[in-house]
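Here is the structure we will look at.
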Amino acid sequence: MNESTFAPGGGQPGTTVGSVAVRTFESRRPDPNAEPRPAYAMTPYDDENDDLQDGQFYDPDAEYEPDPEYAATLAPDAARQRRERVGPTGRPLPYFPIPNPLTDHGPAKIVAMCNQKGGVGKTTSTINLGAALAEYGRRVLLVDFDPQGALSVGLGVNPMELDITVYNLLMERGLAADEVLLKTAVPGMDLLPSNIDLSAAEVQLVSEVARESALQRALKPLMADYDYIVIDCQPSLGLLTVNALTAAHSVIVPLECEFFALRGVALLTETIEKVRERLNPELELDGILATMYDSRTVHSREVLARVVEAFDDHVFHTVIGRTVRFPETTVAGEPITTYASNSVGAAAYRQLAREVLARCHAE
Ligand SMILES: Nc1ncnc2c1ncn2[C@@H]1O[C@H](COP(=O)(O)OP(=O)(O)OP(=O)(O)O)[C@@H](O)[C@H]1O
Ligand SMILES: [Mg+2]
């Protein structure tokens with residue numbers, strides 16, 4: 001069979017990010033009798049068997065630099081065609097390069113993962129975006145800012161067993177961040193865990209001076225050690241979330257691709273606007289992240305089209321599909337990038353990491 005093996009990172013030796021995709025040249029040749037392809041043919045999510053198979057790819061043009069040998073076999077206008085590929089959001093899909101390695105770290109960009117609606121993928125996106133950024137050599141700190149402690153659980157930590165959490169960091173002056181920090185199984189990614197104690201902070205902070213900037217103060221000494229700090233917010237717009245928005249440089253809003261997705265988003269953008277005006281003039285809306293997308297249903301596609309209509313360029317080109325692999329990773333207590341490294345879900349969060357880094361550099 002006429003095959004070529006692709007190493008991620010343009011086949012550069014030593015880059016071991018993601019899966020090795022095998023493409024079959026035969027299947028890339030246009031078949032004159034074939035049905036016209038849909039504008040965006042994303043590998044469908046197949047929960048039974050969701051590893052990328054030989055000859056199958058998630059989003060090859062965005063995922064991998066073609067190696068020169070392969071590129072030579074493509075039609076001369078392939079580069080133009082690639083530029084004009086339409087992504088799942090209905091817009092041309094840009095190419096997000098594999099980020100260059102860093103020689104030194106910090107100061108951190110702080111991102112709040114925020115939506116007051118429950119169960120939209122905040123915690124899942126925090127863990128997996130963080131893990132993908134760490135794979136690309138970024139030093140990452142994840143902050144569990146939900147008293148439910150789902151982020152901590154998702155990284156294999158039992159929050160009930162913790163004596164010191166992010167709550168203590170907020171409330172106790174003089175406590176060093178090192179005493180609270182936990183290393184995760186992902187190299188380069190640390191965690192500030194939380195548990196139910198944090199729910200008391202919401203009440204106790206009310207009587208404090210500068211109560212909205214308690215988290216900002218707590219994170220300040222850590223900024224120099226990390227490239228990204230991602231805060232997993234609780235599903236509310238209360239004082240804890242306002243603290244996260246005050247500490248953050250930007251916000252990512254995960255939106256589940258279902259009918260009521262846009263409900264409440266106006267309130268969220270209003271809150272972001274207020275925090276920007278009164279507390280944190282640097283705060284920006286980084287992007288809306290469509291999650292739990294099912295390309296096979298008209299409903300998902302319609303919802304996504306409406307989200308793009310409403311938020312235009314603020315919507316990430318990367319869309320996270322619905323797959324049972326994500327709930328599985330919570331049980332396993334690790335990110336999808338290590339639990340199912342070759343899965344479509346892992347590839348999607350790696351692409352999101354590259355998009356986030358590309359946006360950051362474009363600013
Ligand atoms: N892309 C996905 N496909 C399928 N299931 C998903 C996906 N993303 C998340 N889930 C599952 O949906 C549930 C809710 O996700 P998650 O906990 O990340 O949302 P959340 O916004 O953090 O929720 P909460 O508001 O309660 O904190 C979890 O069981 C998670 O495993
Ligand atoms: Mg959560």
*Can you give the relative contact order of segment 252-349 as a percent, counting alpha carbon pairs under 8 Å and 6+ residues apart?*
26 percent
_From Cα pairs below 8 angstrom and at least 6 apart in sequence, can you work out the relative contact order of segment 109-362, rounded to a whole percent?_
26 percent
*Calculate the spin-label point distance for TYR95 paired with ILE164, positioning each point 7 Å from the Cα along the beta-carbon direction, and give it in nanometres.*
4.8 nm
*Quantify how much of the Cα-Cα distance distribution of segment 242-362 extends past 24 Å, in percent.*
36 percent
*Can you sort TYR95, TYR136 so the residue with the fewest Cβ neighbours within 10 Å comes first?*
TYR95, TYR136
*asked:* Please compute the modelled spin-label separation between ALA224 and ASP313, points set 7 Å along Cα→Cβ, answer in nm with one decimal.
replied: 3.6 nm
*Based solely on C-alpha atoms, express the radius of gyration and the Dmax of segment 169-218 in angstrom.*
12.6, 39
*When the Cα centres of segment 110-168 and segment 185-254 are compared, how far apart do they sit, in Å?*
10 Å
*With a 10 Å Cβ neighbour count serving as the proxy for reagent exposure, in which order, fewest first, do CYS257, CYS360 appear?*
CYS360, CYS257
*asked:* How would VAL251, VAL298 line up from fewest to most surrounding beta-carbon atoms within 10 angstrom?
replied: VAL298, VAL251
*Which value, in Å to one decimal place, does the Kirkwood hydrodynamic radius take for segment 109-362 when every pair of different Cα atoms is included?*
18.1 Å
_Using amide H atoms built in the peptide plane, which far-off residues or other-chain residues are under 5 Å from ARG85 H to H?_
LEU93
*For segment 109-362, what is the charge dipole size about the Cα centre, in debye to the nearest 20, if Lys and Arg each add +1 at the Cβ and Asp and Glu each add -1 at the Cβ?*
460 debye
*Applying 1/(1 + (r/R0)^6) with R0 = 22 Å to the Cβ-Cβ distance of SER236 and VAL206, what FRET efficiency is obtained, to the nearest 0.05?*
0.90
*Taking the Cα centre of segment 279-342 as the origin and placing charges on Cβ (Lys, Arg +1; Asp, Glu -1), which of VAL308, THR338, LEU289 is farthest toward the positive end of the dipole?*
THR338
*Compute the distance in nm between two label points, each set 7 Å from the Cα along the Cα-to-Cβ direction, one at HIS105 and one at SER341.*
2.0 nm
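No value in this document is a laboratory result; all are computed from the given coordinates. Predicted model only: the values in this text are computed from it and were never measured. Cβ atoms come from the backbone with ideal geometry, glycine included; neighbour counts cover every protein chain shown.
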